[in-house]
Amino acid sequence: MKVEDILKLPSMPAASPSYPMGPYRFVNREYMIITYETDKDLLRAAVPEPLVPNEDGHVLYEWIRMPDSSGFGDYTESGVVIPCTYKGEPINFTAQMYLDDEPPISAGREIWGFPKKYAHPKLEVASDTLTGTLHYAGQMVAMGTMAYKHQESPGGIEAAAKGMTKTQCNLKIIPDVDGSPKICQLVAYNLTDITIKGTWVSPARLHLIPHVNAPAADLPVKRIVGGKHFIGDLTLPHGRVLFDYLKEA
Amino acid sequence: MNKHDVKSLSSMPLQSPTYPRGPFKFFDRQYMIIRYKTDPVAIRALLPEPLEPDGDVVAVQWLDLPDGEGFGAYGAAAQTIPCTYKGEHCVFISQMIVDNCPPLAGGREIWGYPMKHGKPLLHVTGDTLSGQLDYAGQRIANGTMVYKHDAFDHGNIAHAEEILNRTQVTLKLIPDIDGRPAIAQLVAVKFTNIHVKGAWNGKARLELIPSVNAPFADLPVHHVVGGQQFVTDMTLPYGRVLHDYLVG
């Protein structure tokens with residue numbers, strides 16, 4: 001294999017790259033997001049400076065079904081997102097993510113620094129209940145339930161689509177081969193080409209079970225704020241460096 | 001978390017790093033290595049410059065890793081290609097499949113081990129040491145070896161140590177956030193504290209089934225040379241950059 005071909009490879013292994021070049025198109029992506037209030041001191045510890053966590057102590061616990069994702073296939077994801085501010089601007093920080101498919105784990109970690117681990121999340125409609133579960137290393141670590149399409153979201157699909165354009169960010173850490181940090185950055189991105197096909201709000205409940213390697217329960221549920229369910233198409237493009245710890249910290 | 005602590009994290013995510021700092025010690029690591037002749041043109045196409053092919057005998061190996069520090073218990077399978085770098089005999093790791101996330105993420109991010117998630121299994125059934133490899137629900141490799149037929153050949157241990165001491169080479173590719181390459185390197189890894197507890201040679205058979213996302217069969221089996229079974233303790237240390245494609 002020649003050097004010019006090596007430099008054109010999107011990812012490892014050279015014999016069959018895990019993921020192609022972006023951007024990545026998602027069709028019929030289905031979300032269940034349960035917003036809850038947690039302990040503010042624990043939230044502060046979970047958010048890297050210079051991000052500032054929201055003053056209300058809110059956390060978003062999410063399940064996402066992705067049946068048709070270019071380059072990645074068919075998979076499900078679950079995780080923890082913390083609304084924050086960066087230099088006063090609102091931004092969502094992804095704190096933990098669990099999914100059942102390797103290419104989006106590798107691409108997610110290596111391109112954008114999504115903090116992804118392999119686990120078994122599931123989002124399904126079970127009779128009258130939209131139900132999310134997450135199993136890690138054989139044990140259940142999260143169970144979320146939401147009443148099924150009780151009410152359309154205020155503002156409808158337009159407001160939901162606008163909400164999806166909010167800037168999101170991750171802490172990207174990639175070690176060098178000697179163990180020292182090679183990349184240590186806050187990385188930001190914005191979803192594009194968003195079409196929301198339906199959006200609902202309903203009562204919800206969330207149960208988090210302590211587990212050392214999937215510690216969603218480290219941000220305990222003090223009060224449920226509400227549940228949101230929506231389906232849409234969107235594009236995940238490349239992103240930009242917001243803050244470089246190796247240069248600025 | 002303050003900025004200083006962020007810089008000292010071993011890996012993502014902040015709240016529970018996927019893997020700790022190395023080195024990583026492995027106990028009772030078991031290998032079945034099946035060596036076979038393949039097509040030299042296919043080898044040349046897969047081997048990144050400036051590595052040079054070193055013969056036309058490649059290998060598919062299964063590993064059972066019951067006790068890996070920081071990683072836990074898991075299985076692995078790999079396709080390896082002998083090569084030379086500036087005259088030194090090395091082994092290029094072309095593809096690896098594992099069933100556990102911390103070694104997958106740590107393997108890719110630290111050393112550039114070309115790992116994907118699948119279902120490798122190495123086991124003894126009746127009189128046969130048997131390796132299977134499934135990817136995306138389909139069988140893609142099937143290897144079998146006779147069980148400890150040459151149990152009294154005392155030269156085996158020294159031969160196993162020589163094989164395990166060979167420098168492994170990986171092609172580490174990590175994109176930048178804009179999609180351009182941030183890291184494009186050949187990385188060298190040399191295991192340390194190798195303590196071989198048992199080593200056997202014997203007859204083996206290997207079947208590779210074409211599958212696009214785990215294309216072991218792209219190096220077709222022309223003729224099986226033989227099988228090797230090792231049980232060993234060894235330590236995986238950090239590596240070193242052998243060649244940097246983005247410099248010079």
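For the range A:105-145, filtering for residues that are of a type in the set (Gly, Ala, Ser), in contact with a Phe, Trp or Tyr (Cβ under 9 Å, 6 or more places away or on another chain) and at negative phi leaves 7. Highlighted here are the strands (runs of 3 or more DSSP E) found entirely within the range B:151-248 that include at least 1 residues which are surrounded by 13 or more Cβ atoms within 10 Å (Cβ to Cβ), touching an Asp or Glu at 6+ places or on another chain (Cβ under 8 Å) and within 14 Å of chain A (Cβ to nearest Cβ): B:167-175, B:181-189, B:240-244. Here residue B:134 fulfils each of the conditions (1) of a type outside the set (A, V, I, L, M, F, W, C); (2) surrounded by fewer than 24 Cβ atoms within 10 Å (Cβ to Cβ); (3) under 28 Å from residue B:54 (Cβ atoms) apart from (3).
Screening the range A:31-149 for strands (runs of 3 or more DSSP E) wholly inside it with 3 or more residues that are more than 10 Å from chain B (Cβ to nearest Cβ) returns the ranges A:58-69, A:73-86, A:89-99, A:120-126, A:129-136, A:139-147.
Residue B:136 falls short on exactly one of the conditions (1) touching a residue at least 24 places away in the same chain (Cβ under 8 Å); (2) within 11 Å of chain A (Cβ to nearest Cβ); (3) in contact with a helix residue (DSSP H, G or I) (Cβ under 8 Å, 6 or more places away or on another chain), and that condition is (3).
Table: residues versus (1) within 19 Å of residue A:154 (Cβ to Cβ); (2) away from chain B (no Cβ under 14 Å); (3) touching a residue at least 40 places away in the same chain (Cβ under 8 Å); (4) in a loop (DSSP other than H, G, I, E, B).
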{"position": "A:186", "(1), (2), (3), (4)": "no, no, yes, no"}
{"position": "A:206", "(1), (2), (3), (4)": "no, yes, yes, no"}
{"position": "A:221", "(1), (2), (3), (4)": "no, yes, yes, yes"}
{"position": "A:226", "(1), (2), (3), (4)": "yes, yes, yes, no"}
{"position": "A:242", "(1), (2), (3), (4)": "no, no, yes, no"}
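Among residues of the range A:165-182 being surrounded by fewer than 19 Cβ atoms within 10 Å (Cβ to Cβ) and not polar (S, T, N, Q), the one that is farthest from residue A:48 (Cα to Cα) is A:178. Candidates are the residues of the range B:88-109 that are farther than 20 Å from residue B:67 by Cα and not charged (D, E, K, R); the one that is farthest from the other protein chains (Cβ to nearest Cβ) is B:89. Any chance the range A:165-178 includes a residue that's out of contact with any Pro (no Cβ under 6 Å at 6 or more places or on another chain), in a helix (DSSP H, G or I) and either small (Gly, Ala, Ser) or within 14 Å of another protein chain (Cβ to nearest Cβ) (or both)? No, there is no match, as no residue in the range A:165-178 is out of contact with any Pro (no Cβ under 6 Å at 6 or more places or on another chain), in a helix (DSSP H, G or I) and either small (Gly, Ala, Ser) or within 14 Å of another protein chain (Cβ to nearest Cβ) (or both).
Read-outs: derived from the displayed coordinates by stated rules, not from any lab. If you're wondering where the values come from, they're calculated on a predicted model, not measured in any experiment. In this analysis, Cβ positions are derived from the backbone assuming ideal geometry, glycine residues included, and neighbour counts consider all displayed protein chains.
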